[in-house]
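Beneath this line is the structure, given in structure tokens, with notes to follow.
The values are calculated or read from the model by the stated rules, or taken from the named source; none is laboratory data. The structure presented is a predicted model; accordingly, all values stated were derived computationally and were not measured. Heads up, the Cβs are rebuilt from the backbone with ideal geometry, glycines too, and the neighbour counts pull from every protein chain shown.
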């Protein structure tokens, strides 16, 4: 009798496992939001023969796209001891960069960079005429500046790699 009920139990379990399942579609509406406090603390130790030291930090920027938004607030940068010269420059891509220079280089410099960011991912439908996936040739052109030959990247021609001078 015990074997009979065990066999019926096994058959029932097999029937449930092999029967067709019902599926549902879910549509998610709304946004996902995260708030992050970022802080980088770095100590730079100078060599005895160092005559001049220059540090540069890119200032993070807020941006907005159809699917993602990033808001940067409370950006702070602090050097201890203070730099003898500090300026903000803008590079060819529009990035703002803080450049700090010490002419009389101390033994140690503490650098602290901090900011808050609010990231919003939108789950809204939007229409685009862009092909997907993007054609390979078209996708390479915008990235050329970022992946061009650099001292720490491989190059197509090894002789190019050896000619690169690191500033």
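Below are the figures for this structure:
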{"quantity": "Which listed residue is under 30 Å from residue 47 (Cβ atoms) and in contact (Cβ under 8 Å) with a residue 60 or more places away in the chain, from 105, 112, 58, 99", "calculated": "112"}
{"quantity": "Within region 29-59, tally of residues that are within 17 Å of the chain's Cα centre (by Cα) and assigned to a loop (DSSP other than H, G, I, E, B)", "calculated": "1"}
{"quantity": "1 or more residues closer than 30 Å to residue 33 by Cβ, touching a strand residue (DSSP E or B) at 6+ places or on another chain (Cβ under 7 Å) and modelled with pLDDT under 90: qualifying strands (runs of 3 or more DSSP E) within region 62-167", "calculated": "68-80, 108-122"}
